[in-house]
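Okay, structure first, notes after.
Any read-out appearing in this document is the output of simple, stated calculations on the displayed coordinates, not a laboratory observation. In this text, all values refer to a predicted model and were calculated from it rather than measured experimentally. Neighbour counts run over all protein chains shown; Cβ positions are idealised from the backbone, glycine included.
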Amino acid sequence: MSRGRLATRLRHQLPLLAWLVLVWILLWGTWSWANLISGLTVALAVTALLPLPPVTGGARLRPLPLVRFVGHFLADLVVSSAQVAWETVRPDRNRRGAIVAVQLRTDSDLLLTVISETLTLVPGSLVIELDREQQTIALHLLSVRDRADVDRQKAAVLAIEDRVVRAFGSAADVAALDRQPDQPERTSS
Amino acid sequence: MSVVAALAYALLGGGALLALVRVARGPSLLDRVVATDTLLVVIACGLAVYAALERDPTLVPVLVVVSLLAFVGSVSIARYVGGMLLRSEGDGPAA
Amino acid sequence: MTDLDSAADVVAAVCLLLGALLCLTAGLGLVRFPDVLSRMHAGTKPQVLGVLLVMLGAAIRLHGWSASWMLLLVAAFQLVTAPVSAHMVSRIAHRRRHVRRDLLLVDELGGEPAELGGDEPADAH
C-alpha cells in the first residue's frame, strides 16, 4: 500500500521535478549531462526538504484548446496593456472602477490558480478575493462605463474560465462547465 | 543604434522617476510597495536594455536576482501588513 | 547573413523601445491613478508585457550566448509572479479599506470582504 502511495506521490511530483530541472538547465544556459544530473539532485533535494501539497491531480493537457488559450492570452495581454496604457494618458476622468463577484464553475486548486493568474494579467480586472468553498472570485475592474459594461466584462471572465478549463481540466471539470452556473452543486464534496 | 539607446534609456528613466514620485508621495504603505515593485522591474528592464545594446551578457545574472527580489520583497511586505491586520482587527479567515 | 542580422536588430530594437514605452506608462499610471487598486492595474499589465518585450529584444540581440535563455527565464518568472504579488497586495488593500468607494460604480462585496458571497450566488441582484 505504501508503495502505491509512493508511486502516486511520485507521479504528482514529476511535473514539478521536470520544471525545476528545466529551470536549472536554463539558468546554466547550456545543455550537458552534468547539468542534468546536478539539476536532478537539486530538484530532488528541494522537493524532499520543502514538500508542497499535490495540486496537479487529474490535470491533463489538450493540445488544441491549449493553443487556443495561449493565443487568446497573448492577444488579450497586448490589448489590455494597450488599454491600461491608454487609460493612463487619457485626459478625462469620467470612467469609474467596479468591484464585482463572479460565480465560477470550476472546483480544482490548479485550475483556479491558472484562472486567477490569467484574470489578473488579461482583461481590465484584478483578483481581490477568492472564496474557495463558494468558488466565487472577486475582481476589481479598472474602468467601466455603465452596468451593461460590467455585465460584458463578467461574461469575458466566464469565457476565460471556459478556455482555461478546456485546456487543462479533467473530463469532470469540463462537464462541470456545462451545468447551469446559477445552480452550483452543494451536496458534492 | 545610439538613437535607440538614447530613446530607450529616456523612456525607462521617465518610468523610474514617476515610480519614485509615487514612492515619495504614496499615502499608504501599499502604494509604496507597488511603486517599489515597479521601480525594481524598470531597473531590471534597464539592465536588459544595456545588455542588449552592448551585446554584453555579464549583467544578466544580476537581472535575474533583481527581478526575483522584486517579487519576494512585495510578497513579504504584503504578508507582514496582512499579519498586522489580522492581529489588530481579530477577524481571521475563520471568522 | 548581414541582412538577416540587421533585420533581427531592427526587430530587437522595436521590442526594446515598445517595452520601455510600456514601462513609462506603468510609471505614469502609478502617478495618475486615484487609488491603490487602480495603481495595481498599472503595475501589472503594461509592466508584464513591457518586461516580456524587453527580454525578447535582449534575447534576440544576445542570440548565441547562454545568457539569452536566462532572459527568457526572467520573462517566464515575471508572468508567473506578477499576478501573485498583485493579488496579495490588492487583497490587503481591500481588507484594510484602502478602496476609494466613491470611485466605484458597482461594489458587489458591499464592504464585507470576510463574508464574500453569502448564501446565494453573489451576482444575483
Practice task
Can you bin the stretch C:2-99 into rounded, prolate or oblate? Criterion: square roots of the alpha carbon gyration tensor eigenvalues sorted a ≥ b ≥ c, rounded for a/c under 1.5, prolate for a/b above b/c, oblate for the rest.
Solution key: oblate
Fill in the blank from the handout: Dividing the helical contributions, -39500 (n - 2.57) per DSSP H run of n ≥ 4, by the residues of chain B yields a 222 nm value, nearest 500 deg cm²/dmol, of -30000 deg cm²/dmol
Handout entry: Compactness relative to 2.2 N^0.38 Å, alpha carbon Rg of the stretch A:63-177
Key = 1.09
Handout entry: Relative counts (whole %) of C-alpha pair distances in chain B, using bins that are 10 Å wide
Key = 15, 34, 28, 14, 6, 2
Exercise for the section: Mind giving me the nanometre distance, one decimal, between the label points for B:Arg55 and A:Ala45, set 7 Å out from Cα along Cα→Cβ? Expected result: 3.8 nm
